[in-house]
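The values are calculated or read from the model by the stated rules, or taken from the named source; none is laboratory data. Every value quoted in this text rests on a predicted model; they were computed, and no experiment measured them. Here the Cβ positions follow ideal geometry from the backbone for every residue, glycine too, while neighbour counts run over all protein chains shown.
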Amino acid sequence: MVSQTQYWNRLISPGIVALVGAGGKTTVLSKLVEYGRLQGQPVVVTTTTHLYESQVAQYEPVYATNINEIDEYCTKRILKGYCGAWFSGVTGTKVDSVDCDTIDSLSALHPNWQIVVEADGAREKWLKAPKETEPVIPKTTKTTIGVVNLQMLGAPLDEEHVHNIELVQSIVHRDTGAIVTPHMLSQIVTHPQGLFQYSRGKKILFCTGYDTVQHRIIESFIEHVVDSDISAIVLADGYKASCEIRRIIQCR
């Protein structure tokens, strides 16, 4: 049986990894930090959008825009065995984004670091389609991880579950209240203006909620996306601390 460490280690490697989508991005971020440290992989966390300060306080981030200050702080944290983290400031309850050029510069200085970038906002919904201005992904990103919550299968297209609902409807051509089918969810994943819009590097589809939906329905969804340009599909149970990978399907 493959262990959680073995599963997560397949997602951990040097370079920039951008997280996009909805329904578990921050969970994936925290797990990459957790298992990266266990593996001895230097990890740095940042964002090109916004995160609640409470979500990243555990990483003891530096708030700065100067590359030398960022480099010095993150290096010290990593040498002590911790995760490095930086944001440009704090506004209200959220940390402010950093610019892509600084992320690319830091990655060039430390090509052995894994820099995990939350690159998309979803307002804690289960599904979204990005606007023209998002996600914001650094140029030298090696992997884009697109997150979808499988609990959307059988759920309605409504404001409670969906962010940017009009954009989602324009892709699936369904009215508000329509029940999401495997084909509809696959359209969001594979459409040029869908989940992986502006993605860079290899694409990994990370599906949360695997334990909440009948597996025959999930298999139907997988059949619709497995022949796309996605490199791998990750199927995971749970949420936050309880999130565990159950399967990884190699597609390419």
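Output yes when any residue across segment 84-92 is under 19 Å from residue 40 (Cα atoms) and modelled with pLDDT of 95 or more, and no when none is. Within segment 84-92, one or more residues are under 19 Å from residue 40 (Cα atoms) and modelled with pLDDT of 95 or more.
Taking the stated definitions as given, is residue 218 outside any loop (DSSP other than H, G, I, E, B), more than 30 Å from residue 132 (Cβ to Cβ), in contact with a Cys (Cβ under 8 Å, 6 or more places away or on another chain) and modelled with pLDDT of 95 or more?
When the stated conditions are applied, residue 218 passes them.
Going through segment 29-50 one residue at a time, which ones are part of a loop (DSSP other than H, G, I, E, B) and under 10 Å from the mean Cα position of the chain (by Cα)? Selection gives nothing. Can you give me the number of residues within segment 66-95 that are surrounded by 13 or more Cβ atoms within 10 Å (Cβ to Cβ), outside any helix (DSSP H, G or I) and over 23 Å from the mean Cα position of the chain (by Cα)? Result for segment 66-95: 0. Checked against (1) free of Cβ contacts under 8 Å to residues at least 12 places away in the same chain; (2) within 19 Å of residue 32 (Cα to Cα), residue 216 passes all but a single condition, namely (2).
Looking at 241, 236, just one residue is outside any helix (DSSP H, G or I) and either farther than 23 Å from residue 133 by Cα or over 21 Å from the mean Cα position of the chain (by Cα) (or both), and that residue is 236. All conditions in (1) in a loop (DSSP other than H, G, I, E, B); (2) within 26 Å of residue 194 (Cβ to Cβ); (3) modelled with pLDDT under 95 hold for residue 26, with the sole exception of (1).
In this structure, residue 120 does not satisfy being among the charged types (D, E, K, R) and either in a strand (DSSP E or B) or at pLDDT 95 or above (or both).
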